[in-house]
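The values are calculated or read from the model by the stated rules, or taken from the named source; none is laboratory data. In this text, all values refer to a predicted model and were calculated from it rather than measured experimentally. Ideal geometry is used to build each Cβ from the backbone, glycine not excepted, and the neighbour counts take in all protein chains shown.
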Amino acid sequence: MRTLLVLAALLTAMSISALAQNGKITGKLTYPSDYIPTTMVVCVYAADGSANDRYCSSDKASNLTRAGFAFRLNYRTASYQVQLPAGSYYLYATFPKGRAPVADYENYKAYYNEFVRCGMSVDCPSKRKIAVSVRAGRTTGGITLGDWYP
């Protein structure tokens, strides 16, 4: 019994330690319409160039759990939240193949970029992606995804 209690305490401590190594990014979803399509997904990849390690909210939960990613999308409030390991990431919204409301947006990547941060005005010429830093135990908020203008 004592061994079981020690093992349970150790597992709890490891879980808490793993959670403490993660941070969160929160923000808004935009779409050039009067609604947010429920087929929209949020994707994240490391800014260090490993774009092959891309994770999306539509991926299978077991793969995301192993990588330390957890997505929560709320289409009603046009918001998202992603929990992920500390690091620097690029984020974008997209639609999976065959799920875009308009053919032009199928597989289009609506990044968080300088155009979005500038207010999506014609006076904002740059579309350079912006890497978002995540620190363990912290939340980085206000990251709007939605440069739907090619």
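Has segment 2-13 got at least one residue that is outside any loop (DSSP other than H, G, I, E, B), of a type in the set (S, T, N, Q), within 21 Å of residue 134 (Cα to Cα) and modelled with pLDDT under 95? The answer is no, given that none of the residues of segment 2-13 is outside any loop (DSSP other than H, G, I, E, B), of a type in the set (S, T, N, Q), within 21 Å of residue 134 (Cα to Cα) and modelled with pLDDT under 95. Sort out which residues of segment 48-94 are of a type outside the set (D, E, K, R), outside any strand (DSSP E or B) and touching a strand residue (DSSP E or B) at 6+ places or on another chain (Cβ under 7 Å), and write them in order of number. Hits for segment 48-94 are 51, 57, 58, 64, 67, 68, 69, 78, 86.
To keep it simple, each residue is scored yes or no on (1) under 24 Å from residue 37 (Cβ atoms); (2) at pLDDT below 90; (3) in contact with a His (Cβ under 7 Å, 6 or more places away or on another chain).
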| residue | (1), (2), (3) |
| --- | --- |
| 53 | no, yes, no |
| 60 | yes, yes, no |
| 90 | yes, no, no |
| 117 | yes, no, no |
| 123 | no, no, no |
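Using the structure shown, decide if residue 37 is in contact with a strand residue (DSSP E or B) (Cβ under 7 Å, 6 or more places away or on another chain) and either of a type in the set (D, E, K, R) or touching a residue at least 12 places away in the same chain (Cβ under 8 Å) (or both). So residue 37 does not fit the description; no.
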